[in-house]
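Below is one structure, written out as structure tokens; the observations come after it.
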Amino acid sequence: MAQSESMTVRSMREGERDAVRDVTLAAYEEYAGLLPEPLWAVYRRNLLATLDAGSPAERIVAEREGAVVGSVLLFPAAANAYASAAPGGAYPEVRLLAVLPSERGRGIGGALMDECVRRARRAGAVALGLHTMDVMRAAMRMYERMGFVHVPDLDFTPAQGILVRGYRLDLRN
């Protein structure tokens, strides 16, 4: 568990699923206007299905003043975080990083990602993966600052004209 003066990053507790769902929906709602409506509807359904599934992912939250303000899923190396939609990697995968819009700019996303890196290293992983889309510009900048590198072989296209980019961070350094 990581903690700063005003924020704690930890595993999700029993009874926090609704809070994580609310944070994720609030965070991703901005993309509703940036994606074609049919694609947004499918994306939102997949997002909710991923959150509601009994997946093997570690559910990590950021808490500030007693409230969940951010969350992320960390899938283990053996799991394919995107089922058959994306090429599976031999390393853990980050999914659905979310920070409440009102809490952005306070280092919450970075703290959640740092915790994913810490947990992946602790598990002995040599790399950490994630996927993102061009509309998620702020997230892409953060990932690249952290050292994630675009790996085109990991890209996939869930719908015509939509590219989901695969990124990987080498943890051997």
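The values are calculated or read from the model by the stated rules, or taken from the named source; none is laboratory data. Model, not experiment: these values are computed from the prediction. Glycine gets a Cβ as well: all are built from the backbone with ideal geometry, and neighbour counts include every protein chain shown. Remember, those area values only see protein heavy atoms, side chains included, never the ligands or the DNA or RNA. Shrake-Rupley method; radii C 1.70, N 1.55, O 1.52, S 1.80 Å.
Using a 1.4 Å probe on the protein chains only, how many percent of the accessible area of the chain belongs to carbon and sulfur?
Whole-percent figure for carbon plus sulfur exposure: 50.
Using a Gaussian network model of the chain whose springs link C-alpha atoms within less than 10 Å, name the residue from Glu37, Glu93, Glu16 with the highest mean-square fluctuation.
Evaluated over the chain, the most mobile residue of the options is Glu37.
Please give the length that would be gained between Glu144 and Asp114 if that part of the chain were fully extended, namely 0.36 nm times their separation in residues minus their C-alpha to C-alpha distance (nm, one decimal).
Using 0.36 nm per residue and subtracting the Cα-Cα distance, I get 9.5 nm.
Only helical DSSP H runs with n ≥ 4 go in: add -39500 (n - 2.57) per run for the chain, normalise by residue count and round the 222 nm mean residue ellipticity to 500 deg cm²/dmol.
Mean residue ellipticity, 222 nm, calculated: -10000 deg cm²/dmol.
With the chain treated as a Gaussian network of Cα nodes joined by springs under 10 Å, which of Gly109, Gly70, Gly147 yields the largest mean-square fluctuation?
Among Gly109, Gly70, Gly147, the largest mean-square fluctuation in the Gaussian network model of the chain belongs to Gly147.
Positive end of the charge dipole of the chain (Lys, Arg +1 and Asp, Glu -1 on Cβ, about the Cα centre): tell me which of Gly33, Cys116, Asn173 has its Cα farthest that way.
Farthest towards the positive pole: Asn173.
What is the distance, in nm, between label points placed 7 Å from the Cα along the Cα-to-Cβ direction at Arg44 and at Arg17?
Distance between label points: 2.1 nm.
Please list, short to long, the whole-number percent of alpha-carbon pairs of the chain in consecutive 10 angstrom bins beginning at zero.
It works out to 10, 40, 40, 10, 0, in whole percents.
Please compute the length gained on full extension between Gln160 and Thr8, using 0.36 nm multiplied by the number of residues separating them and subtracting their Cα-Cα distance.
50.7 nm
Between Asn173 and Glu65, what is the label-point separation in nm under the 7 Å Cα-to-beta-carbon projection?
3.6
Which of the peptides 110-121, 18-29 is most tightly packed, and how do the rest follow, judged by the mean count of other Cβ atoms within 10 Å per residue?
In decreasing order of mean packing, 110-121, 18-29 become 110-121, 18-29.
Can you give the log10 of the normalised intensity I(q)/I(0) at q = 0.14, 0.15, 0.28, 0.30 Å⁻¹, computed with Debye over equal Cα scatterers of the range 41-81?
-0.40, -0.45, -0.99, -1.02
Using unit Cβ charges (K, R positive; D, E negative) and no other charged atoms, how large, in debye to the nearest 20, is the dipole of the range 38-83 about its Cα centre?
180
Grab the Cα-Cα distance for Arg104 and Ala26, subtract it from 0.36 nm times how many residues apart they are, and report the gain in nm with one decimal.
Here the answer is 26.9 nm.
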